[in-house]
Amino acid sequence: MKYPITCILIILLLNSTLYASDTLTEHQDSTIQLNEIVVDAYRINTRLQKIPGNIAVLTANETSLSDGNNFTPALHSTPGIYMHSGTYGTSRIVIRGVGSRTPYNTNRIKSYLNDIPITTSDGISTPEDIDLLSIQRIEIVKGPASALYGSGMGGNINLYTPSEKEKSANGSIQYGSFNTMKVGASGIVNSRNFNLFGSLNHLTSDGYRENNHFIRTSAISSGRWTLPHYSLEYTLLLMNVNAGLPSSIGKTLYNTHPQAAAVQWNLIKGYKKLSKAIGGITLAKKITPNVSNRFTVFTRWIDSYEKRPFNNLDDGTFSIGWREKLSFHSEKWDFAAGAEFVNDTYNWQLDKNNALINKNSENRNQLNIFGIAYFRPSEKWNISAGSALNKVNYSLTDQFAENSDQSGTRNFPFIFSPRLGVNYTPTPQIALYSSVGSGFSMPSPEETLLPEGKINQAIQPEQGIQAEVGMRLNLYDSNTQLDLAVYQIDLTNLLVTKRLTEDIFTGINAGKTRHRGFELMLKQNLLQLQSFPGNLNLTTSYTYSDNRFIDFTDGGISYNDNSLPGIPSHLVQTTFSWNPAKSLHVQTTFQYVGSQYMDDANTEKSDGYFTIQLKTAYRFSLKKIGNIEIYGGVNNLTDARYASMISVNALSVGGNEPRYYYPGLPRHFFAGLRFNFN
């Protein structure tokens, strides 16, 4: 770890020398003003430099990395986050080592779209389903500080659609390897008191592997109608997905024929079809100059069908809920308090050889009551205290008459999640922060059921406490921005999804785990000249994490002090952005992902890997009406062989090799056109 720190010190030293002379550089609009970024994620709209805790903000520059078809490059530009990406339709997000044991989705974070929950009440989130072209900004809160949002031990991801005041229309078309094509259109319409955004995107790909096709059509619309005393906002997301499921493969195929699908999945042409709709309406009112209120009602509808070798799953979710937030602002104080309620009805059935073998309905209720206060005794201090009170209950109705009635209910106790945070800014260029908080994650539907289908009355929510200290530096007229954080999370009742057979999962509580880490984010303007060689910017994120079982015995075997599988200890991503001329942009991204264990026993290990991504774009001005951008790039320039996703604790079925590996994409290319009209 000493070498990255040494490099950073050298960069800081060179930078201080470079900017000591006004004759060497000329400041331009590309300078990133860190202390001017405004965030919403801690329930209070305030400047990032004043936040008493760790938060990452991804703007359009970060989300436009690579071809824009996958969230992985954008999320990896933020330390503390690792995204497994097996296919466009199979992924898992891990934040600070939490959530690595979930088989095929993300269920330890909470996600919002324009303040509307897109996470189901069982904690499952799929923010990566939303096309990046429809997102203007992403805010990420790490660890159980997200307790203010309800369930989500890993953290919180907030997505925001564009809301510019200028009218615009955009269109794009992109084509790449594996017959991958993406087309999209978006626009913003404004009047005196009305703002409307709309986006329509279609992505299709044959895929690198067998049975790996992917088709996704999505539409997002959001708007605001502003009147003198209140405003009305809405968000609507519609999505349809059809994806082949190549599944994971064993070591032999991974080394010799990585484009192959798992044999049984390829024979039946396994697939997943998904339709989704999410919508919400918010009424915002300024009650007094210091007091405002936001009330939101929202709904979600999901219908999914999976064809699988062992059985077929037909499931769907309907959710309805509301959220209330009352805010107070004064010179020294900020308060926010409110509540969020979600009711989910989850219906699922299994069939095999056209015969029904199981059918159930599960109803879940989740209530989150939250409050947070900020006190600023002086300009240099910001002290916060908050808490959340959560209540979850659910009932299972067995609708399959051929087996014994397995209906039942489960009422979890109230969970209290407090948080304290302090931010100290001795100068506008330096901010020191520290926080401690607790959080929890609820078991998923699979984890709440015993193998025979009955409710597991013994399963408990996963709970933990996180402590972190950090520092933000904003130096040399914002040409150097550095964010350092050290954290520890102690989890109890770790939720582990245990795979009993290829098609049967159950949940257990795995005692205690400890997550420790160091995170670094550096943004550096290396060169700023009006003439050639122009502007050169550097963005580097580095994560070191040590995640271990402290107390976990399963099947009479102790895994104490073993590393948690599915989490690399080191993750580095560095991007150089170069503008040699006003209309030309060149971007190079270097990524190193360290090795990671694939099983609890730490007997199987996936090797680390190094990749390079290149992207260049040239923009033509259309005088007063807009511009056209031509761009192209290559991903995995070195054609590295790596596993982009690990199936943790894969089983050996029928004497075959355990299928741990989702092969990453080889070297592949893309090119496109983007039209922007003002």
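The values are calculated or read from the model by the stated rules, or taken from the named source; none is laboratory data. These figures come from a predicted structure and were not determined experimentally. FYI the Cβ positions are ideal-geometry reconstructions off the backbone, even for glycines, and counts take in every protein chain you see.
Here is how the numbers come out for the structure above:
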item: Members of region 608-645 found to be over 27 Å from the mean Cα position of the chain (by Cα) and either under 20 Å from Pro246 (Cβ atoms) or surrounded by 14 or more Cβ atoms within 10 Å (Cβ to Cβ) (or both), listed by number; result: Tyr618, Arg619, Gly626, Asn627, Ile628, Glu629
item: Filter result for the condition that a residue is among the hydrophobic types (A, V, I, L, M, F, W, C), crowded, with 17+ Cβ neighbours inside 10 Å and more than 21 Å from Asn293 (Cβ to Cβ), over Leu367, Leu350; result: Leu350
item: Selection from region 650-663 of residues that are buried (at least 21 other Cβ atoms within 10 Å of the Cβ) and either among the polar types (S, T, N, Q) or closer than 23 Å to Met181 by Cα (or both); result: Tyr662, Pro663
item: Set Ser395, Ser435, Ser407: member being among the small types (Gly, Ala, Ser) and touching a Pro at 6+ places or on another chain (Cβ under 7 Å); result: Ser435
item: Of all residues in region 636-666 being touching a helix residue (DSSP H, G or I) at 6+ places or on another chain (Cβ under 8 Å) and among the aromatic types (Phe, Trp, Tyr), the one that is farthest from Ser563 (Cα to Cα); result: Tyr661
item: Exclusive hit being within 19 Å of Asn290 (Cα to Cα), of a type in the set (Ser, Thr, Tyr) and part of a strand (DSSP E or B), set Ser395, Ser384, Ser319; result: Ser384
item: Condition broken by Thr120, with the remaining ones in (1) modelled with pLDDT of 85 or more; (2) surrounded by fewer than 24 Cβ atoms within 10 Å (Cβ to Cβ); (3) in contact with a Lys or Arg (Cβ under 8 Å, 6 or more places away or on another chain); (4) not basic (Lys, Arg) satisfied; result: (1)
item: Members of region 150-181 that are buried (at least 20 other Cβ atoms within 10 Å of the Cβ), outside any loop (DSSP other than H, G, I, E, B) and not aliphatic (A, V, I, L, M); result: Gly155, Asn156, Asn158, Gln174, Gly176, Thr180
item: Count of region 78-105 residues which are of a type outside the set (Lys, Arg), more than 22 Å from Val486 (Cβ to Cβ) and out of contact with any helix residue (DSSP H, G or I) (no Cβ under 8 Å at 6 or more places or on another chain); result: 10
item: Residue within region 336-346 that is touching a Pro at 6+ places or on another chain (Cβ under 8 Å), crowded, with 16+ Cβ neighbours inside 10 Å, closer than 30 Å to Asn368 by Cα and among the hydroxyl-bearing types (Ser, Thr, Tyr) present; result: yes
item: Residue in region 222-243 that is aliphatic (A, V, I, L, M) and free of Cβ contacts under 8 Å to residues at least 24 places away in the same chain present; result: no
item: Filtered residues of region 89-145 (kept if in contact (Cβ under 8 Å) with a residue 40 or more places away in the chain, assigned to a strand (DSSP E or B) and among the small types (Gly, Ala, Ser)); result: Ser91, Ser111
item: Residue within region 432-446 that is in contact with a Phe, Trp or Tyr (Cβ under 7 Å, 6 or more places away or on another chain), assigned to a strand (DSSP E or B) and of a type in the set (Asp, Glu) present; result: no
item: Candidate set from region 390-418 (those that are aliphatic (A, V, I, L, M) and more than 17 Å from Asn343 (Cα to Cα)); member that is modelled with the lowest pLDDT; result: Ala401
item: Residue among Ser292, Ser222 that alone is crowded, with 17+ Cβ neighbours inside 10 Å, among the small types (Gly, Ala, Ser) and over 28 Å from the mean Cα position of the chain (by Cα); result: Ser292
item: Output for region 523-546, where each listed residue is surrounded by 19 or more Cβ atoms within 10 Å (Cβ to Cβ), assigned to a strand (DSSP E or B) and either modelled with pLDDT under 95 or in contact with a Ser or Thr (Cβ under 8 Å, 6 or more places away or on another chain) (or both); result: Lys523, Gln524, Asn525, Gln528, Asn535, Asn537, Thr539, Thr540, Ser541, Tyr544, Ser545
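Residue-wise test of (1) among the hydroxyl-bearing types (Ser, Thr, Tyr); (2) at pLDDT 85 or above; (3) under 14 Å from the mean Cα position of the chain (by Cα).
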residue	(1), (2), (3)
Glu26	no, no, no
Ile32	no, no, no
Val39	no, no, no
Asn54	no, yes, no
Leu58	no, yes, yes
Leu65	no, no, no
